[in-house]
Amino acid sequence: MQLNWTTVFIVQFIIWLIVLFEWKQFKKTLKADRITFSVILILSAFMSFFNLENLPGPITLLQYIFGPLGRLME
């Protein structure tokens, strides 16, 4: 899996822009809202390190789990 650093830097830049523009409202919100906002931004930063186009999706997982069962029923 090849890491695309351009994508990582663009996502980090956008996250900092979001925090910069929302800072005044961010301090006035409830603690639960701040935690949710922070977790979403941290998860998006973390996901920018992965090449999500090449990761198997949920259909692949279901085929892996239920594939042998389907062959048994034939």
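The values are calculated or read from the model by the stated rules, or taken from the named source; none is laboratory data. Bear in mind the structure is a predicted one, so any value in this text is a computation, not a measurement. Here the Cβ positions follow ideal geometry from the backbone for every residue, glycine too, while neighbour counts run over all protein chains shown.
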Every pair of residues 6+ apart whose Cβ atoms lie under 6 Å, when the first sits in region 1-26 and is part of a helix (DSSP H, G or I) while the second is at pLDDT 80 or above: ILE15/LEU41; ILE15/ALA45
Mind checking whether some residue in region 50-61 is modelled with pLDDT of 85 or more and within 14 Å of the chain's Cα centre (by Cα)? no
May I ask you to list the residues in region 45-74 that are over 17 Å from THR6 (Cβ atoms) and either assigned to a loop (DSSP other than H, G, I, E, B) or charged (D, E, K, R) (or both)? LEU55, PRO56, GLY57, ARG71, GLU74
Scan region 1-21 for residues that are farther than 13 Å from SER44 by Cβ and at pLDDT below 85 and jot them down. MET1, GLN2, LEU3, ASN4, TRP5, THR6
